[in-house]
Amino acid sequence: MNTINRVQRIRRLLFIKKQKAAIEVNRATESVNHTIAELEKTLSRLGFVLGTYAPAYSFVQVLQNQIETLKIALDTVKEESK
């Protein structure tokens with residue numbers, strides 16, 4: 001009986017730790033999403049200002065692609081933390 005109680009306690013502790021980790025991941029995700037949104041706004045403005053200057057505009061497009069990759073990675077981390 002003592003062993004069963006110990007196992008139940010350990011399960012509860014693991015569940016609580018998992019919940020806390022999920023909360024931390026959600027907080028981090030919200031922060032990163034906010035930063036990404038700000039970067040996207042800035043890149044959008046920069047792309048508009050640069051207009052036809054091809055080298056700089058292509059650099060902006062590369063950064064936008066990297067942001068998309070970051071979003072996918074962030075979604076993956078969020079899914080794995082559930």
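The table that follows gives values for the structure above.
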{"quantity": "Residue identified as of a type in the set (G, A, S), part of a helix (DSSP H, G or I) and either in contact (Cβ under 8 Å) with a residue 60 or more places away in the chain or in contact with a strand residue (DSSP E or B) (Cβ under 9 Å, 6 or more places away or on another chain) (or both) among A22, A56, A28", "calculated": "A22"}
{"quantity": "Condition met for N5 (surrounded by fewer than 14 Cβ atoms within 10 Å (Cβ to Cβ) and touching a Lys or Arg at 6+ places or on another chain (Cβ under 9 Å))", "calculated": "no"}
{"quantity": "In region 42-72, the residues that are over 22 Å from T29 (Cα atoms) and either in contact with a helix residue (DSSP H, G or I) (Cβ under 8 Å, 6 or more places away or on another chain) or aliphatic (A, V, I, L, M) (or both)", "calculated": "L46, G47, V49, L50, G51, A54, A56, Y57, V60, Q61, V62"}
{"quantity": "Given (1) in contact with a Gly (Cβ under 9 Å, 6 or more places away or on another chain); (2) open to solvent by less than 80 Å² (accessible area, probe 1.4 Å), index of the condition T29 fails", "calculated": "(1)"}
{"quantity": "Within region 69-82, tally of residues that are assigned to a helix (DSSP H, G or I), open to solvent by 90 Å² or more (accessible area, probe 1.4 Å) and among the charged types (D, E, K, R)", "calculated": "3"}
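One line per residue, one yes/no per condition, for (1) modelled with pLDDT of 80 or more; (2) open to solvent by 50 Å² or more (accessible area, probe 1.4 Å); (3) of a type outside the set (F, W, Y):
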residue	(1), (2), (3)
R12	yes, yes, yes
F15	yes, yes, no
E40	yes, yes, yes
Y57	no, yes, no
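The values are calculated or read from the model by the stated rules, or taken from the named source; none is laboratory data. It should be emphasised that the depicted structure is a prediction, and the values quoted were computed from it without experimental measurement. Backbone-built Cβ (ideal geometry, glycine too); neighbour counts: all protein chains shown. All accessible areas refer to the heavy atoms of the entire protein, side chains included, with ligands and DNA or RNA removed. Shrake-Rupley method; radii C 1.70, N 1.55, O 1.52, S 1.80 Å.
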